[in-house]
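Chemist: What follows is a single structure, and I will ask about it in a moment.
The values are calculated or read from the model by the stated rules, or taken from the named source; none is laboratory data. All values reported here derive from a predicted model rather than from experimental measurement. Glycine also receives a Cβ, built like all others from the backbone with ideal geometry; neighbour counts cover every protein chain displayed. Ligands, DNA and RNA are excluded from the accessible area calculation, which covers all protein heavy atoms including side chains. Shrake-Rupley method; radii C 1.70, N 1.55, O 1.52, S 1.80 Å.
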Amino acid sequence: MKNFIKLVRFEFNRVAPVYGVLAILTLLIQIVGVFVTTNGYLNSVNELKQMGTIDDSMITSDIGTMGMMRYTSTLWFLGPITFCAAALLIYSLFIWYRDWFGKNTFVYRLLMLPTQRLNILFSKVTTVFLMVIGLVAFQLILLHIESNLFQMLIPKAYFSYANINQIIRGSYYLSIFYPASGILFFSRYIQGLLGLLVVSTAILLERSYKIKGMVMGGCYAALILLLFAVPYLLQVFNSSYYLFSSEIFWISIGLTVIISIVSILISHHLLNKKVTV
Amino acid sequence: MKKYWKLIALIIFSGISISTFYLVTASAENSYPQYTIETRSGDKAVIKDLVLSASSYNEYGDYYWDTIQIDAEGTIGSKDVPFAEQLDMAYQNDLSVQKIYREHRGFFRSKNWDMAQFY
(Lines give C-alpha, C1' and ligand atoms only; values in the text may rest on other atoms or scores of the structure.)
Protein backbone atom coordinates (compact mmCIF):
# COMPACT_ATOMS: atom_id res chain seq x y z
CA MET A 1 0.00 0.00 0.00
CA LYS A 2 2.77 2.39 0.95
CA ASN A 3 4.63 1.57 -2.24
CA PHE A 4 1.47 2.14 -4.22
CA ILE A 5 0.98 5.61 -2.75
CA LYS A 6 4.62 6.46 -3.41
CA LEU A 7 4.25 5.38 -7.02
CA VAL A 8 1.08 7.43 -7.47
CA ARG A 9 2.88 10.43 -6.04
CA PHE A 10 5.75 9.85 -8.42
CA GLU A 11 3.46 9.45 -11.43
CA PHE A 12 1.38 12.49 -10.55
CA ASN A 13 4.28 14.80 -9.77
CA ARG A 14 5.84 13.92 -13.07
CA VAL A 15 2.78 15.09 -15.02
CA ALA A 16 1.69 17.85 -12.61
CA PRO A 17 3.20 20.79 -14.57
CA VAL A 18 1.48 19.76 -17.80
CA TYR A 19 -1.71 19.07 -15.88
CA GLY A 20 -1.56 22.50 -14.26
CA VAL A 21 -1.14 24.11 -17.68
CA LEU A 22 -4.16 22.18 -18.92
CA ALA A 23 -6.31 23.46 -16.03
CA ILE A 24 -5.12 27.05 -16.39
CA LEU A 25 -5.65 26.96 -20.16
CA THR A 26 -9.23 25.79 -19.59
CA LEU A 27 -9.79 28.57 -17.08
CA LEU A 28 -8.36 31.26 -19.35
CA ILE A 29 -10.16 30.20 -22.53
CA GLN A 30 -13.51 29.80 -20.81
CA ILE A 31 -13.27 33.12 -18.95
CA VAL A 32 -12.09 35.00 -22.03
CA GLY A 33 -14.94 33.30 -23.87
CA VAL A 34 -17.44 34.76 -21.42
CA PHE A 35 -16.18 38.28 -22.15
CA VAL A 36 -16.06 37.77 -25.91
CA THR A 37 -19.54 36.22 -26.02
CA THR A 38 -20.95 38.98 -23.83
CA ASN A 39 -19.33 41.64 -26.00
CA GLY A 40 -20.67 40.13 -29.19
CA TYR A 41 -24.13 39.90 -27.71
CA LEU A 42 -24.18 43.46 -26.36
CA ASN A 43 -22.89 44.72 -29.71
CA SER A 44 -25.81 43.18 -31.54
CA VAL A 45 -28.16 44.62 -28.90
CA ASN A 46 -26.68 48.07 -29.58
CA GLU A 47 -26.98 47.59 -33.32
CA LEU A 48 -30.66 46.79 -32.94
CA LYS A 49 -31.11 49.81 -30.73
CA GLN A 50 -29.45 52.06 -33.30
CA MET A 51 -31.72 50.66 -35.97
CA GLY A 52 -34.65 51.81 -33.92
CA THR A 53 -35.72 48.81 -31.86
CA ILE A 54 -36.04 50.33 -28.42
CA ASP A 55 -38.23 47.76 -26.78
CA ASP A 56 -36.22 45.23 -24.76
CA SER A 57 -38.71 42.44 -25.30
CA MET A 58 -38.52 43.00 -29.07
CA ILE A 59 -34.75 42.69 -28.89
CA THR A 60 -34.81 39.51 -26.83
CA SER A 61 -37.39 37.94 -29.09
CA ASP A 62 -35.12 38.75 -32.01
CA ILE A 63 -31.69 37.65 -30.78
CA GLY A 64 -32.66 35.82 -27.60
CA THR A 65 -31.44 36.35 -24.07
CA MET A 66 -27.91 35.59 -22.95
CA GLY A 67 -26.68 33.37 -20.15
CA MET A 68 -24.91 30.15 -19.28
CA MET A 69 -27.48 27.96 -21.04
CA ARG A 70 -26.44 29.56 -24.31
CA TYR A 71 -22.75 29.80 -23.51
CA THR A 72 -22.35 26.06 -22.82
CA SER A 73 -22.91 25.24 -26.49
CA THR A 74 -20.21 27.61 -27.78
CA LEU A 75 -16.73 26.61 -28.85
CA TRP A 76 -15.26 28.82 -26.12
CA PHE A 77 -16.82 26.55 -23.56
CA LEU A 78 -16.70 23.14 -25.24
CA GLY A 79 -13.32 23.62 -26.90
CA PRO A 80 -11.20 23.42 -23.74
CA ILE A 81 -13.27 20.48 -22.45
CA THR A 82 -12.71 18.55 -25.67
CA PHE A 83 -9.05 19.47 -25.62
CA CYS A 84 -8.62 18.26 -22.03
CA ALA A 85 -10.50 15.05 -22.77
CA ALA A 86 -8.28 14.39 -25.78
CA ALA A 87 -5.15 15.20 -23.80
CA LEU A 88 -6.10 12.81 -21.01
CA LEU A 89 -7.00 10.07 -23.48
CA ILE A 90 -3.62 10.41 -25.13
CA TYR A 91 -1.89 10.54 -21.77
CA SER A 92 -3.55 7.28 -20.68
CA LEU A 93 -1.48 5.66 -23.47
CA PHE A 94 1.54 7.91 -23.13
CA ILE A 95 1.87 7.21 -19.39
CA TRP A 96 2.96 3.68 -20.38
CA TYR A 97 4.93 4.32 -23.52
CA ARG A 98 6.98 7.17 -22.07
CA ASP A 99 8.65 4.62 -19.82
CA TRP A 100 9.61 2.39 -22.71
CA PHE A 101 10.62 4.97 -25.29
CA GLY A 102 12.00 7.70 -23.07
CA LYS A 103 15.66 8.18 -22.30
CA ASN A 104 17.39 5.17 -20.72
CA THR A 105 14.28 2.89 -20.66
CA PHE A 106 12.88 3.98 -17.37
CA VAL A 107 10.53 1.02 -17.18
CA TYR A 108 13.53 -1.17 -16.45
CA ARG A 109 13.96 0.61 -13.13
CA LEU A 110 10.22 0.56 -12.43
CA LEU A 111 10.07 -3.20 -12.94
CA MET A 112 13.09 -3.72 -10.73
CA LEU A 113 11.46 -1.97 -7.79
CA PRO A 114 11.14 -4.21 -4.73
CA THR A 115 7.35 -4.18 -4.81
CA GLN A 116 4.44 -6.00 -6.38
CA ARG A 117 4.60 -5.19 -10.08
CA LEU A 118 0.84 -4.84 -10.12
CA ASN A 119 1.41 -1.60 -8.19
CA ILE A 120 2.88 -0.08 -11.34
CA LEU A 121 -0.38 -0.76 -13.16
CA PHE A 122 -2.52 0.52 -10.30
CA SER A 123 -0.49 3.68 -9.87
CA LYS A 124 -0.69 4.59 -13.55
CA VAL A 125 -4.42 3.94 -13.75
CA THR A 126 -5.06 5.84 -10.52
CA THR A 127 -3.03 8.82 -11.72
CA VAL A 128 -4.98 9.20 -14.95
CA PHE A 129 -8.24 8.66 -13.07
CA LEU A 130 -7.39 11.35 -10.52
CA MET A 131 -6.51 13.70 -13.35
CA VAL A 132 -9.92 13.14 -14.91
CA ILE A 133 -11.75 13.62 -11.62
CA GLY A 134 -9.73 16.74 -10.88
CA LEU A 135 -10.69 18.40 -14.15
CA VAL A 136 -14.33 17.36 -13.73
CA ALA A 137 -14.31 18.97 -10.28
CA PHE A 138 -12.54 22.05 -11.63
CA GLN A 139 -15.17 22.49 -14.34
CA LEU A 140 -17.87 22.60 -11.66
CA ILE A 141 -16.11 25.53 -9.99
CA LEU A 142 -15.70 27.20 -13.39
CA LEU A 143 -19.45 26.88 -13.99
CA HIS A 144 -20.09 28.86 -10.81
CA ILE A 145 -17.55 31.53 -11.76
CA GLU A 146 -18.83 31.89 -15.33
CA SER A 147 -22.43 31.96 -14.20
CA ASN A 148 -21.65 34.82 -11.82
CA LEU A 149 -19.66 36.67 -14.49
CA PHE A 150 -22.61 36.58 -16.88
CA GLN A 151 -24.85 37.86 -14.15
CA MET A 152 -22.49 40.78 -13.59
CA LEU A 153 -21.83 41.62 -17.24
CA ILE A 154 -25.26 41.37 -18.84
CA PRO A 155 -28.00 43.89 -18.08
CA LYS A 156 -30.94 42.28 -16.35
CA ALA A 157 -33.30 42.71 -19.27
CA TYR A 158 -31.19 40.48 -21.53
CA PHE A 159 -29.98 37.98 -18.98
CA SER A 160 -31.44 34.52 -18.57
CA TYR A 161 -30.67 32.93 -15.26
CA ALA A 162 -30.13 29.21 -14.82
CA ASN A 163 -28.89 27.46 -11.71
CA ILE A 164 -25.99 25.00 -11.89
CA ASN A 165 -28.29 22.01 -12.11
CA GLN A 166 -30.23 23.54 -14.99
CA ILE A 167 -27.04 24.49 -16.80
CA ILE A 168 -25.83 20.90 -16.60
CA ARG A 169 -29.14 19.26 -17.54
CA GLY A 170 -29.56 21.73 -20.36
CA SER A 171 -26.31 20.72 -22.01
CA TYR A 172 -25.90 17.32 -23.61
CA TYR A 173 -22.17 17.16 -22.96
CA LEU A 174 -22.30 18.37 -19.38
CA SER A 175 -25.01 15.82 -18.52
CA ILE A 176 -22.57 13.11 -19.56
CA PHE A 177 -19.92 14.38 -17.15
CA TYR A 178 -22.38 15.02 -14.31
CA PRO A 179 -25.16 12.41 -14.26
CA ALA A 180 -28.36 13.15 -12.41
CA SER A 181 -27.52 11.54 -9.09
CA GLY A 182 -24.50 10.74 -6.96
CA ILE A 183 -24.93 6.99 -7.42
CA LEU A 184 -24.99 7.39 -11.18
CA PHE A 185 -21.89 9.60 -11.01
CA PHE A 186 -20.13 6.94 -8.99
CA SER A 187 -21.11 4.09 -11.29
CA ARG A 188 -20.20 6.03 -14.43
CA TYR A 189 -16.74 6.97 -13.21
CA ILE A 190 -16.08 3.47 -11.89
CA GLN A 191 -16.80 2.30 -15.41
CA GLY A 192 -14.34 4.91 -16.63
CA LEU A 193 -11.79 3.45 -14.25
CA LEU A 194 -12.48 0.05 -15.77
CA GLY A 195 -11.94 1.56 -19.21
CA LEU A 196 -8.48 2.76 -18.13
CA LEU A 197 -7.73 -0.68 -16.74
CA VAL A 198 -8.72 -2.34 -20.02
CA VAL A 199 -6.60 0.11 -22.02
CA SER A 200 -3.65 -0.67 -19.74
CA THR A 201 -4.16 -4.40 -20.17
CA ALA A 202 -4.24 -3.92 -23.95
CA ILE A 203 -1.00 -1.92 -23.79
CA LEU A 204 0.66 -4.60 -21.66
CA LEU A 205 -0.45 -7.20 -24.20
CA GLU A 206 1.15 -5.12 -26.94
CA ARG A 207 4.33 -4.68 -24.87
CA SER A 208 4.48 -8.43 -24.22
CA TYR A 209 3.71 -9.84 -27.64
CA LYS A 210 4.38 -6.80 -29.88
CA ILE A 211 2.35 -6.92 -33.15
CA LYS A 212 0.51 -10.08 -32.15
CA GLY A 213 -0.22 -8.50 -28.78
CA MET A 214 -1.57 -5.38 -30.42
CA VAL A 215 -4.18 -7.50 -32.21
CA MET A 216 -4.93 -9.35 -28.98
CA GLY A 217 -5.27 -6.08 -27.08
CA GLY A 218 -7.59 -4.68 -29.73
CA CYS A 219 -9.72 -7.82 -29.63
CA TYR A 220 -9.83 -7.73 -25.84
CA ALA A 221 -11.02 -4.13 -25.77
CA ALA A 222 -13.57 -4.79 -28.53
CA LEU A 223 -14.89 -7.84 -26.69
CA ILE A 224 -15.47 -5.79 -23.56
CA LEU A 225 -17.24 -3.05 -25.48
CA LEU A 226 -19.43 -5.75 -26.99
CA LEU A 227 -20.21 -7.23 -23.57
CA PHE A 228 -21.38 -3.86 -22.31
CA ALA A 229 -23.47 -3.41 -25.44
CA VAL A 230 -25.27 -6.75 -25.01
CA PRO A 231 -28.07 -5.44 -22.75
CA TYR A 232 -28.77 -2.65 -25.22
CA LEU A 233 -28.58 -5.00 -28.21
CA LEU A 234 -31.17 -7.21 -26.50
CA GLN A 235 -33.49 -4.21 -26.47
CA VAL A 236 -32.96 -3.64 -30.18
CA PHE A 237 -33.41 -7.27 -31.24
CA ASN A 238 -36.57 -7.70 -29.23
CA SER A 239 -37.99 -4.57 -30.83
CA SER A 240 -39.23 -3.56 -27.41
CA TYR A 241 -38.01 -3.14 -23.87
CA TYR A 242 -36.54 -6.49 -23.01
CA LEU A 243 -34.73 -5.27 -19.90
CA PHE A 244 -35.80 -2.52 -17.55
CA SER A 245 -33.32 0.31 -17.14
CA SER A 246 -32.74 -0.63 -13.51
CA GLU A 247 -31.84 -4.15 -14.65
CA ILE A 248 -29.40 -2.79 -17.24
CA PHE A 249 -27.83 -0.75 -14.48
CA TRP A 250 -27.26 -3.77 -12.23
CA ILE A 251 -25.99 -5.85 -15.14
CA SER A 252 -23.39 -3.25 -16.03
CA ILE A 253 -22.30 -3.01 -12.39
CA GLY A 254 -21.83 -6.79 -12.37
CA LEU A 255 -19.94 -6.70 -15.67
CA THR A 256 -17.70 -3.94 -14.33
CA VAL A 257 -16.70 -6.02 -11.31
CA ILE A 258 -16.07 -9.20 -13.31
CA ILE A 259 -14.11 -7.51 -16.10
CA SER A 260 -12.01 -5.57 -13.58
CA ILE A 261 -10.97 -8.82 -11.93
CA VAL A 262 -10.21 -10.46 -15.27
CA SER A 263 -8.22 -7.43 -16.44
CA ILE A 264 -6.20 -7.32 -13.24
CA LEU A 265 -5.46 -11.04 -13.43
CA ILE A 266 -4.30 -10.81 -17.05
CA SER A 267 -2.17 -7.74 -16.29
CA HIS A 268 -0.69 -9.45 -13.25
CA HIS A 269 0.35 -12.41 -15.34
CA LEU A 270 1.76 -10.23 -18.13
CA LEU A 271 3.71 -7.94 -15.79
CA ASN A 272 5.27 -10.83 -13.91
CA LYS A 273 5.92 -13.31 -16.68
CA LYS A 274 5.71 -11.84 -20.14
CA VAL A 275 6.53 -8.17 -20.32
CA THR A 276 9.84 -7.25 -21.96
CA VAL A 277 11.94 -4.14 -21.74
CA MET B 1 4.61 14.78 3.58
CA LYS B 2 5.86 17.80 1.70
CA LYS B 3 6.34 15.70 -1.43
CA TYR B 4 2.69 14.72 -1.38
CA TRP B 5 1.04 18.14 -1.29
CA LYS B 6 0.08 18.23 -4.96
CA LEU B 7 -1.60 14.85 -4.77
CA ILE B 8 -3.35 15.62 -1.50
CA ALA B 9 -4.52 19.01 -2.77
CA LEU B 10 -5.95 17.42 -5.91
CA ILE B 11 -7.83 14.74 -3.97
CA ILE B 12 -9.25 17.13 -1.38
CA PHE B 13 -10.23 19.70 -4.01
CA SER B 14 -12.01 17.11 -6.17
CA GLY B 15 -13.71 15.50 -3.19
CA ILE B 16 -15.08 18.79 -1.89
CA SER B 17 -16.15 20.14 -5.26
CA ILE B 18 -17.98 17.03 -6.46
CA SER B 19 -19.54 16.05 -3.15
CA THR B 20 -20.76 19.62 -2.60
CA PHE B 21 -22.39 19.50 -5.99
CA TYR B 22 -24.18 16.20 -5.42
CA LEU B 23 -24.99 16.60 -1.73
CA VAL B 24 -25.84 20.29 -1.56
CA THR B 25 -26.26 22.09 -4.87
CA ALA B 26 -28.07 19.44 -6.88
CA SER B 27 -30.49 18.46 -4.15
CA ALA B 28 -31.27 22.06 -3.23
CA GLU B 29 -31.79 23.14 -6.82
CA ASN B 30 -33.72 20.10 -7.83
CA SER B 31 -36.83 21.15 -5.99
CA TYR B 32 -40.02 20.90 -7.98
CA PRO B 33 -43.25 22.77 -7.58
CA GLN B 34 -45.64 21.35 -5.02
CA TYR B 35 -49.16 20.74 -6.30
CA THR B 36 -52.05 19.49 -4.23
CA ILE B 37 -55.57 18.51 -5.06
CA GLU B 38 -57.99 20.70 -3.20
CA THR B 39 -61.37 19.36 -2.24
CA ARG B 40 -64.01 21.97 -3.02
CA SER B 41 -66.97 19.68 -2.60
CA GLY B 42 -67.90 16.03 -2.92
CA ASP B 43 -66.43 12.79 -1.68
CA LYS B 44 -62.65 12.74 -1.25
CA ALA B 45 -62.57 8.91 -1.33
CA VAL B 46 -63.42 8.93 -5.04
CA ILE B 47 -60.03 10.32 -6.03
CA LYS B 48 -58.13 8.06 -3.62
CA ASP B 49 -56.54 6.16 -6.53
CA LEU B 50 -56.24 9.07 -8.91
CA VAL B 51 -52.68 9.93 -9.96
CA LEU B 52 -51.84 12.71 -12.35
CA SER B 53 -48.53 12.15 -14.13
CA ALA B 54 -46.89 15.34 -15.26
CA SER B 55 -43.60 16.79 -16.35
CA SER B 56 -42.31 20.14 -15.25
CA TYR B 57 -40.34 22.51 -17.43
CA ASN B 58 -38.49 25.71 -16.75
CA GLU B 59 -40.17 29.04 -17.34
CA TYR B 60 -39.06 29.17 -20.98
CA GLY B 61 -40.36 25.68 -21.62
CA ASP B 62 -37.04 24.60 -23.09
CA TYR B 63 -35.56 22.80 -20.17
CA TYR B 64 -37.01 19.53 -18.97
CA TRP B 65 -37.00 19.57 -15.23
CA ASP B 66 -38.53 16.52 -13.66
CA THR B 67 -41.40 14.08 -13.81
CA ILE B 68 -43.87 14.59 -11.03
CA GLN B 69 -46.94 12.73 -9.86
CA ILE B 70 -49.82 14.41 -8.15
CA ASP B 71 -52.21 12.39 -6.03
CA ALA B 72 -54.56 13.03 -3.16
CA GLU B 73 -51.58 13.11 -0.77
CA GLY B 74 -49.61 15.77 -2.63
CA THR B 75 -46.71 15.82 -5.11
CA ILE B 76 -44.07 13.14 -5.61
CA GLY B 77 -40.94 14.07 -7.56
CA SER B 78 -38.51 11.61 -9.09
CA LYS B 79 -36.03 12.33 -6.31
CA ASP B 80 -38.52 11.05 -3.72
CA VAL B 81 -38.60 7.49 -5.00
CA PRO B 82 -36.04 4.69 -4.54
CA PHE B 83 -33.07 4.58 -6.88
CA ALA B 84 -34.19 1.61 -9.03
CA GLU B 85 -37.58 3.21 -9.61
CA GLN B 86 -35.89 6.47 -10.47
CA LEU B 87 -33.94 4.65 -13.20
CA ASP B 88 -37.03 2.96 -14.60
CA MET B 89 -38.76 6.30 -14.86
CA ALA B 90 -36.84 6.68 -18.10
CA TYR B 91 -39.40 4.36 -19.67
CA GLN B 92 -42.33 4.45 -17.32
CA ASN B 93 -42.94 7.30 -14.95
CA ASP B 94 -46.18 6.00 -13.52
CA LEU B 95 -45.18 4.40 -10.22
CA SER B 96 -48.30 2.27 -9.96
CA VAL B 97 -47.48 0.71 -13.34
CA GLN B 98 -43.89 0.24 -12.24
CA LYS B 99 -45.21 -1.65 -9.25
CA ILE B 100 -47.16 -3.97 -11.54
CA TYR B 101 -44.19 -4.79 -13.70
CA ARG B 102 -41.96 -5.36 -10.72
CA GLU B 103 -44.42 -8.04 -9.65
CA HIS B 104 -44.83 -9.54 -13.14
CA ARG B 105 -41.43 -9.09 -14.77
CA GLY B 106 -41.82 -12.11 -17.04
CA PHE B 107 -45.05 -10.84 -18.47
CA PHE B 108 -43.79 -7.34 -19.10
CA ARG B 109 -40.56 -8.41 -20.77
CA SER B 110 -40.49 -7.43 -24.45
CA LYS B 111 -43.85 -5.73 -24.14
CA ASN B 112 -44.39 -2.18 -25.14
CA TRP B 113 -44.67 -0.11 -21.98
CA ASP B 114 -47.35 2.13 -23.32
CA MET B 115 -50.19 1.49 -20.91
CA ALA B 116 -52.80 2.52 -23.45
CA GLN B 117 -52.13 -0.81 -25.18
CA PHE B 118 -52.91 -2.84 -22.07
CA TYR B 119 -56.18 -1.38 -21.00
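Chemist: If we keep just the residues of the stretch A:101-115 that are open to solvent by 40 Å² or more (accessible area, probe 1.4 Å) and outside any helix (DSSP H, G or I), which is nearest to A:Val275 (Cα to Cα)?
Modeler: The initial filter retains those residues of the stretch A:101-115 that are open to solvent by 40 Å² or more (accessible area, probe 1.4 Å), namely A:101, A:103-106, A:108-109, A:112-114.
From the residues that got through so far, the ones that are outside any helix (DSSP H, G or I) too are A:113-114.
On the way: A:Leu113: 15, A:Pro114: 17 Å.
In this case the residue turns out to be A:Leu113.
Chemist: From the list A:Tyr241, A:Tyr178, which one is buried (at least 17 other Cβ atoms within 10 Å of the Cβ) and more than 20 Å from the chain's Cα centre (by Cα)?
Modeler: Working: A:Tyr178 fails: more than 20 Å from the chain's Cα centre (by Cα).
On inspection, the qualifying residue turns out to be A:Tyr241.
Chemist: Taking only pairs six or more apart or across chains, which ones have beta-carbon atoms under 8 Å, a first residue in the stretch A:61-75 that is closer than 15 Å to A:Phe159 by Cβ and within 12 Å of another protein chain (Cβ to nearest Cβ), and a second residue that is of a type outside the set (Lys, Arg) and assigned to a strand (DSSP E or B)?
Modeler: From the stretch A:61-75, the pairs are A:Thr65/A:Phe159; A:Gly67/A:Phe159.
Chemist: For the stretch A:39-48, check the following and say yes or no: at least one residue is within 14 Å of chain B (Cβ to nearest Cβ), among the hydroxyl-bearing types (Ser, Thr, Tyr) and in a helix (DSSP H, G or I).
Modeler: Initial filter on the stretch A:39-48 (within 14 Å of chain B (Cβ to nearest Cβ)): none.
So far as the stretch A:39-48 goes, no, none of its residues is within 14 Å of chain B (Cβ to nearest Cβ), among the hydroxyl-bearing types (Ser, Thr, Tyr) and in a helix (DSSP H, G or I).
Chemist: For A:Ile203, only one of the following conditions fails: (1) over 26 Å from A:Ala86 (Cβ atoms); (2) in contact (Cβ under 8 Å) with a residue 40 or more places away in the chain; (3) buried (at least 19 other Cβ atoms within 10 Å of the Cβ). What is its number?
Modeler: Going through (1) over 26 Å from A:Ala86 (Cβ atoms); (2) in contact (Cβ under 8 Å) with a residue 40 or more places away in the chain; (3) buried (at least 19 other Cβ atoms within 10 Å of the Cβ) one by one, A:Ile203 breaks only (1).
Chemist: Across the stretch A:132-169, what is the number of residues that are more than 10 Å from chain B (Cβ to nearest Cβ), part of a helix (DSSP H, G or I) and under 21 Å from A:Gly64 (Cβ atoms)?
Modeler: Of the residues in the stretch A:132-169, 11 are more than 10 Å from chain B (Cβ to nearest Cβ), part of a helix (DSSP H, G or I) and under 21 Å from A:Gly64 (Cβ atoms).
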